[in-house]
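The values are calculated or read from the model by the stated rules, or taken from the named source; none is laboratory data. Because the structure is predicted, anything quoted here is derived from the model rather than measured. Please note: Cβ atoms are built from the backbone with ideal geometry, for glycine as well, and neighbour counts cover all protein chains shown. All accessible areas refer to the heavy atoms of the entire protein, side chains included, with ligands and DNA or RNA removed. Shrake-Rupley method; radii C 1.70, N 1.55, O 1.52, S 1.80 Å.
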Amino acid sequence: MNLRPRRLRLALVITAVVLLAGGSLGYVLHARHRAGPLRQAGAEASFGVAAPGLYFRDAATGRVARQTGDGPGRTAGGPSCDRFHAAGDHALCLRALPGAPARTEALVLDRRLREVRRVTVPGIPNRARVSASGQLLSWTTFAAGDSYAASGFSTRTSILDLRTGYLVKSMEQIPLTLGGARHHSPDVNYWGVSFAGDDNRFYATVSTGGRTHLVEGDLRNWSAKTLRENVECPSLSPDGTRVAFKKKVSDDSRDPWRLYVLDLAAMTERPLAEPHGVDDQVAWLDDSTVAYARPGADGRASDVWSVPADGTGAPRLLVPNGSSPVAVH
């Protein structure tokens, strides 16, 4: 059997995925290459997210950890995750499963990080979000096989409602209004959900026709409408008045995005004081500060930084060698 064509196709697929996903997927592949295969461990009995603090994925072990004090110290013992988020009564852990085709395991956990539900979906882990109450969860994966995607890849975003147990396997089912008119297109693609405090309204990115848009969604009315162009990976502030997001400011595939905050009432935006490119869905530490992961300067996969949400100040290193930050209150 001639393996050369298969190897060539595999190399082309990996190249296409990295180009599509940018830093977020590149981070996953880079971290695994440096650290080797990581054992998918569960949380230790003494480790949970009941205690307030900053939780994150420790890149050295692939496990969830908690920041100790205000310095770089950390308490380990969480589950192995590629992406992590927690709020209210639940946490969400995304794991890339071994083998081909690519699959992701979405683990719903309680505050003691015991498994509540498990969902397996196609694709590579990318974004994870839990609503403030802990009752709504969403995840995004990079998926393959959508014929409308020129590269053969797209995102796939799901929403799980723990109140009813209902799983929306793909948000592409939600009727979309773009520019005041109902929009029908096979290339509609959602990612990066952020829930409002009412467990009904949400914000997300939708891509169609080569453009990205911020959408506001309504779960009860099963609808979504675009609000603004060139908004990716929105994160709603705790007070529900602003959205932090990454904005494409350059066609340079190595450094296309910068962080901005959008005032939802005035629809005005301001850049944040982070001069480097960031490919992440930021997390709000409080109403005035956001945290995010960006590539480490010394070759580490990523570090967690914070910056004021009003455009002032300067970035501050919170956690070396970490990602998926989330403030648990």
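Observations, loosely collected:
- Tensor-based shape of the stretch 64-146 (alpha-carbon gyration tensor, a/c under 1.5 rounded, otherwise prolate or oblate): prolate
- For L272, residues with placed amide H under 5 Å, excluding near neighbours: L259, Y260, V261
- Shape class of the stretch 244-293 from the Cα gyration tensor (axes a ≥ b ≥ c, square roots of the eigenvalues): oblate, since a/c reaches 1.5 or more and a/b does not exceed b/c.
- Added length on full extension, which subtracts the Cα-Cα distance from 0.36 nm per residue, R316 to D252: 20.5 nm
- Simple point charges give the picture: +1 on the Cβ of Lys and Arg, -1 on the Cβ of Asp and Glu, and for the stretch 138-280 a dipole about the Cα centre of about 220 debye.
- Cα shape, the stretch 193-290, gyration tensor, a/c 1.5 rule: oblate
- Here each label is just a point 7 Å from Cα along the line to Cβ, and for S46 and L167 those points are 3.5 nm apart.
- Computed from label points 7 Å out along Cα-Cβ, the spacing between R111 and H329 is 1.4 nm.
- Estimated from the Cβ-Cβ distance and a Förster radius of 41 angstrom, the FRET efficiency linking D286 and A100 is about 0.45.
- Accessible surface of the stretch 181-329 [probe 1.4 Å, protein heavy atoms]: carbon and sulfur percent: 48 percent
- Computed over the stretch 42-180, the percent of Cα pairs more than 17 Å apart is 62.
- Percentage, to the nearest whole number, of Cα pairs in the stretch 110-266 over 25 Å apart: 29 percent
- A Förster distance of 25 Å, applied to the separation of the beta-carbon atoms of D89 and A265, puts the FRET efficiency at 0.25.
- Charging the Cβ of each Asp and Glu at -1 and of each Lys and Arg at +1, and nothing else, the dipole of the stretch 87-219 about its Cα centre rounds to 340 debye.
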